[in-house]
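Below is one structure; the comments refer to it alone.
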Amino acid sequence: MIHLIDCYAYTSLWRHRHPAEKAAFAGGLLLLSFFTPLTGLFLILLLVSLVALLGARIPAALYSRVLAVPMAFILIGAASLLVSLSYHSGHLHIGLAEGGLKSAVQLVARALAAASCLIFFSLTTPTADWMPLLRKFHIPAVVVDLMLVTYRLLFVFAERLSTLQQAQAARLGNLTVRNRLRSTGLIGANLFIRSLDRARRIELGMEARCYTGEITCLPFERKASIPIICGSLLLCLVIAWIGFITKRWPYA
Amino acid sequence: MHIMEGYLPVAHAAGWWVVSLPFMAAGVRSLKRIIMDHPSARALLGTSSAFVFVLSALKLPSVTGSSSHPTGTGLGAILFGPSVMAVLGSIVLLFQALLLAHGGLTTLGANAFSMAIVGPWVAFGLFHGLRRCRVSFSFSAFLATTLGNLATYVCTSAQLALAFPDAASGFAGSFVKFLAVFAITQIPIALAEGIITVILLNTLRSYNPEELRGLDVLPKGGLST
Amino acid sequence: MPDCILEARDLHYRYPCGKVALNGMNLRVSAGQKLAVLGANGSGKTTLFLCLNGTYKPSAGQLLLKGKPAGYSRSDLLAWRKQVGLVFQDPDDQIVGGTVIQDIAFGPLNLGHSPSDARCIARETMKQIGIPDFADRPAHELSHGERKIVAMAGILAMKPSLVILDEPTAGLDPSWTERVIDLLNAIHQNGTTVVLSTHNMDFAYEWADEAVVLVQGTTRCHGPVIEILAQDEALRDAKLSTPLLLHVTRQFGLTDNGTPIRSRRQLLNRLKTPSKPV
């Protein structure tokens, strides 16, 4: 799963668009989703999905698979809104919540709209492209450096972990729950020791290239397109307006 | 247990960001101090957060049959210390949101509060408190990790309850609802993670390679207890 | 007599855990040379290289850079590593960037180049090495061979006058091995001094001008590769084998008009021509 989103992003059609453009589009709509009624939310979900599938040509199977990841949580949480608990005269009453359906639908719609924005961004913008942007948001250099090293290494560790798990499985370390827990603990320890060793060697590797203490990132080669960013913001305003005028519709 | 993107209303999402930021800022100050004193700690911290991330992407066997993921925060708190975990945990959460569609950016503040702040502090406090009471290493680690995880789950349920109070019984009723709904998955994960952490830490202790001593640069970190 | 750009005199190094890795090591690297450092696992090759780029400070002995004693202050180390590039055996220890071009630009950026200059230098280096299409690929997607080349590119982008490579062909398939060797020859032709360690005796025999054999942290012998690899006793002490070509040509008294045969092509040519009276 780690590789799913990241690998695709590097090959996506819109990879070479400036990350700020994609952030303006996805981020603008994401923020709007908190302030717009149901009609606006459906519009956001529809628009982002269409842009993702038809514009950026993200494969439908991939898009729906990733969108399905937060679904379990969203649905379970929304289902809790349908039910109401109360405690009267020593008894626990469980009943249907008043206005519960409306709240649940609103919640699911907002979560889906927001999730689609986030997923659109991560499927079209590889990590190596959005990380340098963080400095522009005044995230401290020490944190961005740490993120860079983390990102670089998590694939090394994931690969190592998968090898270790396969080796354990080959030695039948996965037969019972108890066995699996034990195997996981041992694998974790092994991975950790190696990660400490790797840390030391990475440090030496960086020093060998005259690392002075701050990782300077290469900025994105192209400049962000102002028309596209303005266009995205305009789109947000249009959807906000539609949401506003349809606010009094039933179930809006 | 990550709160997914867009789940919390804007006021709550922003509110939890405001609450978590001071802790993150303190963590960053702590990091800067560590790196200034020990430049070699930089790579160590990067590998630590990569390690926590990969651990959290593991699939644990679950009693209910479905698979669930550990948080790695209890382990992280014991090995790296809780102040640093505020930042490492947040970095892990950011990557989880963007690389795994797990959690979100607006909800990162809330998730960081329960997973990178409350969880680690509870685990850390319990671990050292129990050790001081001369409880065995294994049992301390197990209890600290398990209860740290449970603290995270309780905190997340409280965050959800605050955002969605029950129509009839307000916060209290909603809190009970969310606790009940997520208990089925969260309690077994907490127990499993506790067991795994004990096995992991004990294996590390028996190794005692030179590298483990590198952890002592992290304030309150390391396995020297 | 070519200039000596790096010299190690009686180097000793002991790890914090007490293990003695270098026990009186001597080495001279002359400008424009192709030097092969040979020795069994654990003979001290990697430790030596880490001393030669200033990572480890020897517990005793002297290191001279262009005749002057090496300094360990921050600015001294920076200047040192600008001149002496070290490519590690495991490329994952050196590749830190997200994409290939970001990683190759890491060195030039650290040396103070502006981001746009660093990008140009990185592109130029990739073009010279033959990997221009790697630029936007993420590092973790590369195969082992591709990562090794990228790690080398990362050091070459800093334009050092001496490049040290720790087992550059280890773990590579024949086609990648050939690519790496071609690259090493190309940078050597551009004037860069190349020092490498290897277990591949045939490769060392064919490629190097000079060889140094290490045994348990000391220098067993050092000199022209043809002479050194002919010393059977030294190779035995070092737990190394004689290169096949040397073995065969010695056995059958084959030479290429008096010069030793050091490549397959030379051997085949020699075998094709009718044998001349000795």
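Go through the range C:88-99 residue by residue and tally those that are touching a strand residue (DSSP E or B) at 6+ places or on another chain (Cβ under 8 Å) and either within 7 Å of chain A (Cβ to nearest Cβ) or open to solvent by less than 10 Å² (accessible area, probe 1.4 Å) (or both).
4
If I go through the range C:238-278 residue by residue, how many of them are without any contact (Cβ under 8 Å) to a residue 24 or more places away in the chain and within 30 Å of C:G42 (Cβ to Cβ)?
Of the residues in the range C:238-278, 3 are without any contact (Cβ under 8 Å) to a residue 24 or more places away in the chain and within 30 Å of C:G42 (Cβ to Cβ).
Go through (1) open to solvent by 10 Å² or more (accessible area, probe 1.4 Å); (2) in contact (Cβ under 8 Å) with a residue 24 or more places away in the chain; (3) within 8 Å of chain B (Cβ to nearest Cβ) one by one and return the number of the condition A:G213 breaks.
That leaves (2) as the condition not met.
Search the range A:140-167 for residues being crowded, with 19+ Cβ neighbours inside 10 Å and among the hydroxyl-bearing types (S, T, Y), and hand back the single one that is nearest to the other protein chains (Cβ to nearest Cβ).
Top of the filtered list is A:T150.
Condition first: open to solvent by 50 Å² or more (accessible area, probe 1.4 Å), in contact with a Gly (Cβ under 8 Å, 6 or more places away or on another chain), in a helix (DSSP H, G or I) and of a type outside the set (D, E). Can you find one or more residues in the range C:203-225 that meet it?
No: the range C:203-225 contains no residue that is open to solvent by 50 Å² or more (accessible area, probe 1.4 Å), in contact with a Gly (Cβ under 8 Å, 6 or more places away or on another chain), in a helix (DSSP H, G or I) and of a type outside the set (D, E).
Conditions: (1) within 30 Å of B:P188 (Cβ to Cβ); (2) buried (at least 24 other Cβ atoms within 10 Å of the Cβ). B:A43 meets all but one. Number of the miss?
In the conditions (1) within 30 Å of B:P188 (Cβ to Cβ); (2) buried (at least 24 other Cβ atoms within 10 Å of the Cβ), B:A43 misses (1) alone.
Which residue out of A:I94, A:I139 is not in a helix (DSSP H, G or I) and not assigned by TED's automatic domain parsing to the domain that holds A:S64?
A:I139
If we scan the range C:138-152, do we find a residue that is more than 10 Å from chain A (Cβ to nearest Cβ), of a type in the set (G, A, S) and either farther than 26 Å from C:V195 by Cα or part of a helix (DSSP H, G or I) (or both)?
yes
Scan the range A:14-32 and tell me whether some residue there is outside any helix (DSSP H, G or I), basic (K, R), touching a Ser or Thr at 6+ places or on another chain (Cβ under 8 Å) and buried (at least 19 other Cβ atoms within 10 Å of the Cβ).
yes
So, in the range B:174-200, exactly how many residues are facing chain A (nearest Cβ under 9 Å) and of a type outside the set (S, T, Y)?
Residues that pass the stated criteria total 12.
Evaluate the following for C:G32: is it assigned to a loop (DSSP other than H, G, I, E, B) and at pLDDT 90 or above?
yes
So how many residues does the range C:171-199 have that are part of a loop (DSSP other than H, G, I, E, B), open to solvent by 30 Å² or more (accessible area, probe 1.4 Å) and over 22 Å from C:R28 (Cα atoms)?
2
If a residue must be assigned to a strand (DSSP E or B) and within 14 Å of chain B (Cβ to nearest Cβ), how many such residues does the range C:1-20 contain?
Selection size over the range C:1-20: 1.
Hey, can you tell me all the residues within the range B:123-161 that are within 10 Å of B:G74 (Cα to Cα), open to solvent by 10 Å² or more (accessible area, probe 1.4 Å) and touching a Pro at 6+ places or on another chain (Cβ under 9 Å)?
Answer for the range B:123-161, where residues must be within 10 Å of B:G74 (Cα to Cα), open to solvent by 10 Å² or more (accessible area, probe 1.4 Å) and touching a Pro at 6+ places or on another chain (Cβ under 9 Å): B:F124, B:N149.
Among the residues of the range A:219-232, are any within 14 Å of chain B (Cβ to nearest Cβ), open to solvent by less than 60 Å² (accessible area, probe 1.4 Å) and of a type in the set (F, W, Y)?
Scanning the range A:219-232, I find no residue that is within 14 Å of chain B (Cβ to nearest Cβ), open to solvent by less than 60 Å² (accessible area, probe 1.4 Å) and of a type in the set (F, W, Y), so the answer is no.
Considering every residue within the range A:171-192, establish whether at least one is open to solvent by less than 80 Å² (accessible area, probe 1.4 Å), more than 10 Å from chain B (Cβ to nearest Cβ) and either of a type in the set (A, V, I, L, M, F, W, C) or assigned to a helix (DSSP H, G or I) (or both).
Checked the range A:171-192: no residue is open to solvent by less than 80 Å² (accessible area, probe 1.4 Å), more than 10 Å from chain B (Cβ to nearest Cβ) and either of a type in the set (A, V, I, L, M, F, W, C) or assigned to a helix (DSSP H, G or I) (or both).
What is the number of the single condition among (1) out of contact with any strand residue (DSSP E or B) (no Cβ under 9 Å at 6 or more places or on another chain); (2) modelled with pLDDT under 85; (3) open to solvent by less than 60 Å² (accessible area, probe 1.4 Å); (4) farther than 28 Å from A:R222 by Cα that A:G95 does not meet?
(1)
Confirm whether C:G107 is in contact with a Ser or Thr (Cβ under 9 Å, 6 or more places away or on another chain) and surrounded by 24 or more Cβ atoms within 10 Å (Cβ to Cβ).
The answer is no for C:G107.
Return a yes/no flag: does the range A:119-139 have any residue that is touching a helix residue (DSSP H, G or I) at 6+ places or on another chain (Cβ under 7 Å), open to solvent by 40 Å² or more (accessible area, probe 1.4 Å), more than 8 Å from chain B (Cβ to nearest Cβ) and not acidic (D, E).
Scanning the range A:119-139, I find at least one residue that is touching a helix residue (DSSP H, G or I) at 6+ places or on another chain (Cβ under 7 Å), open to solvent by 40 Å² or more (accessible area, probe 1.4 Å), more than 8 Å from chain B (Cβ to nearest Cβ) and not acidic (D, E), so the answer is yes.
Quick check on this structure: which one of A:S86, A:S64, A:S116 is in the same structural domain as A:L234 (by TED's automatic domain parsing), of a type in the set (S, T, N, Q) and part of a strand (DSSP E or B)?
A:S86
Can you give me the ranges of the helices (runs of 4 or more DSSP H) entirely in the range C:57-128 with at least 2 residues that are farther than 23 Å from C:L165 by Cβ?
Qualifying helices (runs of 4 or more DSSP H): C:74-83.
The values are calculated or read from the model by the stated rules, or taken from the named source; none is laboratory data. Keep in mind it's a predicted model, so treat the numbers as computed, not measured. Positions of Cβ are generated from backbone atoms using ideal geometry, with glycine treated the same way; all protein chains shown enter the neighbour counts. Heads up: the accessible areas ignore ligands, DNA and RNA and are worked out on the full protein's heavy atoms, side chains in. Shrake-Rupley method; radii C 1.70, N 1.55, O 1.52, S 1.80 Å.
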